[in-house]
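*Asks:* I have a structure here, written as structure tokens, and I will follow up with some questions on it.
Any read-out appearing in this document is the output of simple, stated calculations on the displayed coordinates, not a laboratory observation. Computed from a predicted model, the values in this text were never measured in an experiment. Cβ atoms come from the backbone with ideal geometry, glycine included; neighbour counts cover every protein chain shown.
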Number of protein chains: 4
Amino acid sequence: MIKVGLVGYGYWGPNLARNFAAQPDCELVAICESQSSRIALAKAHFPGVRAVEDFQVLLDDPKINAILIATPVSSHFSLAKQALQAGKDVLVEKPMTETVAQAEELIALAKLSNRILAVDHTFLFTGAVQKMKEIVSSGQLGEILYMDSVRINLGLFQQDVNVISDLAPHDLSIMNYLIDKDPIAVKAMGVCHAGNALENVAYLHVEFPNDLIAHFHLNWLAPVKIRRTLIGGSKKMIVYDDMEASEKVKIYDSGITIKEGDIDAIHKVNVDYRTGDMIAPKLPHREALSVEAAHFLTCVRERSKPLSDGIAGLRVIQVLEAAKLSIKDGGSRVLLSKGSE
Amino acid sequence: MIKVGLVGYGYWGPNLARNFAAQPDCELVAICESQSSRIALAKAHFPGVRAVEDFQVLLDDPKINAILIATPVSSHFSLAKQALQAGKDVLVEKPMTETVAQAEELIALAKLSNRILAVDHTFLFTGAVQKMKEIVSSGQLGEILYMDSVRINLGLFQQDVNVISDLAPHDLSIMNYLIDKDPIAVKAMGVCHAGNALENVAYLHVEFPNDLIAHFHLNWLAPVKIRRTLIGGSKKMIVYDDMEASEKVKIYDSGITIKEGDIDAIHKVNVDYRTGDMIAPKLPHREALSVEAAHFLTCVRERSKPLSDGIAGLRVIQVLEAAKLSIKDGGSRVLLSKGSE
Amino acid sequence: MIKVGLVGYGYWGPNLARNFAAQPDCELVAICESQSSRIALAKAHFPGVRAVEDFQVLLDDPKINAILIATPVSSHFSLAKQALQAGKDVLVEKPMTETVAQAEELIALAKLSNRILAVDHTFLFTGAVQKMKEIVSSGQLGEILYMDSVRINLGLFQQDVNVISDLAPHDLSIMNYLIDKDPIAVKAMGVCHAGNALENVAYLHVEFPNDLIAHFHLNWLAPVKIRRTLIGGSKKMIVYDDMEASEKVKIYDSGITIKEGDIDAIHKVNVDYRTGDMIAPKLPHREALSVEAAHFLTCVRERSKPLSDGIAGLRVIQVLEAAKLSIKDGGSRVLLSKGSE
Amino acid sequence: MIKVGLVGYGYWGPNLARNFAAQPDCELVAICESQSSRIALAKAHFPGVRAVEDFQVLLDDPKINAILIATPVSSHFSLAKQALQAGKDVLVEKPMTETVAQAEELIALAKLSNRILAVDHTFLFTGAVQKMKEIVSSGQLGEILYMDSVRINLGLFQQDVNVISDLAPHDLSIMNYLIDKDPIAVKAMGVCHAGNALENVAYLHVEFPNDLIAHFHLNWLAPVKIRRTLIGGSKKMIVYDDMEASEKVKIYDSGITIKEGDIDAIHKVNVDYRTGDMIAPKLPHREALSVEAAHFLTCVRERSKPLSDGIAGLRVIQVLEAAKLSIKDGGSRVLLSKGSE
């Protein structure tokens, strides 16, 4: 029986609590939260769980094996560090830390103390992303040529982070998971319409070796909600549309046609919509966070490397940090240093 | 009765021929084309129209009022110049010329000789773009904050131009028509996957004063055909989806919500899909090229300024030229000089 | 403070429990359930609520004002009757009873004892149906000419009822709510593919006076999930698509065109997709069952008539009973007697 | 070289003319049309083709091998009969004749005189229907259990036929083509809203042996255009959506789940959207009428049986005739006699 403590019972904390509480061989034993109204809520939802204000209580409890961190990002580093130092395994909300340096420190600390450090990149545990990983790994796409992602929202402006920090971690974690290469440079552009210094429409451009590019459109000011990623391969391509109820992942034959002299052939291609069959594989219907919770518990139990570990968290933050630099510098190209692996 | 001559009977020429031939008070009197198989086709389609190989025949025919140019872009400048010098009004295919300098020379020549110079930006004459112009002009969008356009295709690679030159003129002409401001700078990024030097996936970023931006995703290597433009305004927003059969233009309330402290309110907004009514206005079902032909003939008859005149053609070429520079220079920001107006 | 007891903690019971427990001025005090594994679940979900096996405990508890019945349909009549006789107000799952006679007895009993009798037609409390009721009531549709509904599922076969009894109550309750007329006759056709006597594909046809018809396609063996209703009016029409994320209700101008002699006009209409604007009104995002619970509690408190009362329950059962007769008789027309109002 | 004459240059005639004129080894030599404005149009479109008012001219011309009939349905029988008697092969517009008796007479006459008699059921020659035929024939659907078709339009009312006669022939010809069985009975229901005796909303129900049913919703008064057919098989199912640009045919695994006692399993299935992969095969992009013209010419040349012959035409008319009887008799079941094969 693994015993977990949760810190932070705001927007995402209740989801972690519910999913970990429902896992077999796992017990949610404590919830730490500073706001009294949220403590009351935690008590109502989980009458049998100890609800406290002081994080030290969790650190001091020797029965607690692992700590889940779902607080604002500015506290991630400090809380995770304390938890690791107290000998706890850690699952921390994305983005893992505010800076690359903090991320590297946590990774080193976890390595040194032989603790599990995992980052909650929930999307990696969806049936859709798991299926795409399977397809990419099988080689059936051929060489991956580009990734293009649109993640645009309906007018909910955050007040502490810009749209890149808010939305891009999802796409970047998926990018890193599917593309088995290190990005080499980043460019970002954005504008603010809310009278503060936080961009609400932004474009992020990530370069890889060999002309592979990834591009992200992130937007809080869109009339419609779009969550769509294209992955172009030399043999096949994927359309991943997270707003689709049942056909989230579609796989198409690529079918490039080079325009030759024949005008009628050109015209024919122009009006053609597709060059091969399309397959929409059945995806499992399950809550990603539940799969992730089970995976984290397995890692704790078996002392194995999490699918989304500290390195995965770091790689996302490296791009976010470079994007901030680029935006400040008018969209200039910012080189990425190699990861700390 | 206005008499027109057409030069170029390749992919687009037949459409011009058919639409001008069908206009009242207009007669298509001659078609000039260098390829013999295409001449034969022109003769078969229009038995009563004179089909010639020599462009000089059209220039020398005093009955011809106007010349339609539908040849490859490299010949646009020379043919249009000769036509204007011969005293003909001119409608030239997009892009108007290969360079800004050529475009400016044609504009000056047309002005000097008091001839009509129009560019075939067909999309401006669609019911959808006309409706959007009406909406934008009415002020109901409030201030325009951004334009984002995706125009991606299914694997038809051109062999003489890159994807920006091929696809962006459509979007740029719409941008210039709807946004009543001069762009100030351009950035472009792209990659080639066909082993030549022609980009097939590209992103174009256009800056305007006051944090207004326009962004374009242009792609020949997409698994699906998407033609969608978002126009974000401070009061309302437009989604223009050209692949929709009947609801190409949708107008949404903007409804920005600033995230305050209330977690439940935030959550509520997050799961909300929309913040107001949506209206999809009825659009007229008509062939844009027929509307454009009628408009051009009216301009010829009444000596009035075409909606899509030489200046409109120039403005598109200015951005294309800056984009080429930017792509060569690794995506650097290229300033646009003011138009020649 | 209204105190409610719930009987039945199977598939739907937990939803009722959760929603009533969350209402202000309401307390869920007891849950009755015969299966021990489900009792255990009820205890886990609602630690402070008394969980019992014996329904008599709820009847005998003088603090309990109202009883919620979420058991299999065969027990609805008996449980509701006992609850009404014990002086409790009652909310019963749909369909209210197995037979018209039972429904009429409950209605009479509720009237006699001055108790509230409500039926859980949840769809009536959705934002979509409420919006449609508002539109219909405003008269903007003109005269309602037809209703056509498709409610088809993905291969989940029930073992105790046929597809009409399973799925049609939703549509019939909406029909009765929106159309302010009594149906006069019913025809039904269906086939069984599961080797039992329970139809899994069925069509239900309901006649009203003045050529108003309603038609229902109900299907457990469909490859896709469709939940779409058309309501045709002489002035406007509604498309209600419950599978749409955000635009569930769309209102169209009707725009009938009578074919005259002009071939080109006919052709023009044929290729036209729409004859007027379309409006998709913003719908509130709220859980229908929560709205319904609040409404029921208001009725209990103010002794007012529920929107979905015993008569509403009876009207659905009248059509279901007629449909059974029709199907047995090869699809013959079965007249409906007038309601007991 | 096969020489064809066309009678009727109204709505559909020009399409036949254009497609036959474009076939190799075929010459359109004459067009017969009674309306002078339409004759003028025929002359303008086909300057080299003889345009006449008198059908006898076509009959008397020994060079004409085949006659295409695209006149109003009331004249089909008489014109086709004369053409067959004059020794011509015949392609006649759908529906082939007004009555079953007429259809049988034409079939007998064609057989006797050894002439080709084909009916223009254009849909059979679409890539979508051809693909479905291939799938059905392969046996991968298992046993076909039902067909459900919705063909609804936007407010174009015909003045001479009801909505069944106007729209159902398309679906019935597809039904007969795909389902290799004879239907045994028909029921039809409909209402008129235009003040005449012509139904504009109708439902048609066709019974086959072994609980196979086909159902059709036909409607001129719909707010949206829907053309969708479901074909349910015991192993796989098809969704054929003719309004889709590129994915008109989708094949799904059937995956029936029988509801057992397990509530959570039931719930799981309920929220599941699909039980297997979906495949949307690439369909050829070609004009169906062009394929049909080529096929007809091959039959003429090789004296072979057309895919859509007189028997196919008759089978459609048998159902239409039964539907008329049923509607008049309040939706009663009308038995179909066996075909004349």
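*Asks:* For the stretch D:108-188, what class follows from the C-alpha gyration tensor (a ≥ b ≥ c being the square roots of its eigenvalues): rounded when a/c is under 1.5, otherwise prolate if a/b is larger than b/c, else oblate?
*Replies:* Here the stretch D:108-188 falls in the oblate category.
*Asks:* Within 13 Å, Cβ to Cβ, of C:S34, how many net charges do the neighbouring residues add up to if Lys/Arg are +1 and Asp/Glu are -1?
*Replies:* Here the charged neighbours net out to -2.
*Asks:* Something else about it: Mind giving me the nanometre distance, one decimal, between the label points for B:M1 and D:C192, set 7 Å out from Cα along Cα→Cβ?
*Replies:* 5.1
*Asks:* What net charge is computed for the residues neighbouring D:S332, neighbours being all others with C-beta under 11 Å from the C-beta of D:S332, Lys and Arg scored +1, Asp and Glu -1?
*Replies:* On the way: positive: C:K187, C:R333, D:K187, D:K328, D:R333; negative: D:D329.
After counting each charged neighbour, the total is +4.
*Asks:* For the modelled label position 7 Å from the Cα of D:K43 along Cα-to-Cβ, which residues of the stretch D:8-29 have backbone nitrogen atoms closer than 20 Å?
*Replies:* Taking a point 7 Å out along Cα→Cβ of D:K43, the residues of the stretch D:8-29 whose backbone N falls under 20 Å are D:8-11, D:13-15, D:17-18, D:28-29.
*Asks:* Straight-line reach from B:K3: which lysines have Cα under 24 Å away, leaving out those fewer than 8 places along the same chain?
*Replies:* Within reach: B:K43, B:K63, B:K81, B:K88, B:K94, B:K111, B:K305, D:K43.
*Asks:* Work out the length of the dipole vector of the protein assembly as shown about its Cα centre, built from +1 on the beta-carbon of each Lys and Arg and -1 on the beta-carbon of each Asp and Glu, and round it to the nearest 20 debye.
*Replies:* With only Lys, Arg, Asp and Glu charged at Cβ, the dipole is about 0 debye.
*Asks:* Report the GluC sites (Glu not before Pro) located in the stretch D:1-107 that are in a DSSP loop and have at most 16 other Cβ atoms inside 10 Å of their Cβ, or state none.
*Replies:* For GluC sites (Glu not before Pro) across the stretch D:1-107 that sit outside H, G, I, E and B with at most 16 neighbouring Cβ atoms in 10 Å, the list reads D:E53.
*Asks:* Compute the distance in nm between two label points, each set 7 Å from the Cα along the Cα-to-Cβ direction, one at A:E134 and one at D:D180.
*Replies:* Placing both labels 7 Å beyond Cα along the Cβ direction yields 3.4 nm.
*Asks:* Find how many whole Å separate the alpha carbon centroid of the stretch D:7-58 from the alpha carbon centroid of the stretch A:192-253.
*Replies:* Result: 53 Å between the Cα centres.
*Asks:* I've got another one for you. What aspartates and glutamates does C:K324 reach when the alpha-carbon gap must be under 17 Å and sequence neighbours fewer than 8 apart in one chain are set aside?
*Replies:* Result set, ordered by chain and number: C:E98, C:D160, C:D166, C:D171, C:E199, C:E207.
*Asks:* Collect residues whose amide H, placed 1.01 Å from N in the peptide plane, falls under 5 Å from the amide H of D:K3; neighbours closer than 5 in sequence don't count.
*Replies:* Placed amide hydrogens put D:E27, D:N65, D:A66 under 5 Å from D:K3.
*Asks:* For the stretch D:1-147, what is the relative contact order in percent, using Cα pairs closer than 8 Å and at least 6 residues apart in sequence?
*Replies:* Details: 222 pairs, mean separation 27.6, N = 147.
Reported as a whole number, the value is 19 percent.
*Asks:* A further question follows. Consider all pairwise Cα distances in the protein assembly as shown and report the whole-number % of them above 67 Å.
*Replies:* 14
*Asks:* Please quote Rg/Rh for chain A to two decimal places, taking the Kirkwood radius as Rh and restricting both calculations to Cα atoms.
*Replies:* Numbers: Rg = 21.6 Å, Rh = 21.5 Å.
Computed over Cα atoms, the ratio is 1.01.
*Asks:* Just the projected area, averaged over all directions, of the convex hull on the alpha carbon atoms of the stretch A:119-263: how many nm²?
*Replies:* 11.2
*Asks:* Compute the length gained on full extension between A:Q56 and A:D25: take 0.36 nm times their separation in residues and subtract their Cα-Cα distance, giving the result in nm to one decimal.
*Replies:* 8.7 nm
*Asks:* Moving on to the next point. Closest approach to the D-B rotation axis by any Cβ of D: residue and distance in angstrom?
*Replies:* Taking Cβ atoms only, the nearest residue and its distance are D:P47, 3.
*Asks:* Arrange the peptides C:327-334, B:245-252 so that the one whose residues have, on average, the most other Cβ atoms within 10 Å appears first. Kindly include the intermediate steps, with their values, before the conclusion.
*Replies:* Working: C:327-334: 16.5, B:245-252: 21.0.
Highest-to-lowest ranking by the protection proxy: B:245-252, C:327-334.
*Asks:* Still on this structure, please answer the following. Give the relative contact order (percent, whole number) for the stretch C:1-86; include only Cα pairs under 8 Å separated by 6+ residues. All intermediate terms of the calculation are to be shown ahead of the outcome.
*Replies:* Values: 134 pairs, mean separation 31.3, N = 86.
Across the stretch C:1-86, relative contact order equals 36 percent.
*Asks:* Continuing with this model, one more query. Please list the non-local residues whose amide H lies under 5 Å from the amide H of B:D61, H modeled 1.01 Å from N, same-chain partners needing a gap of 5 or more.
*Replies:* none
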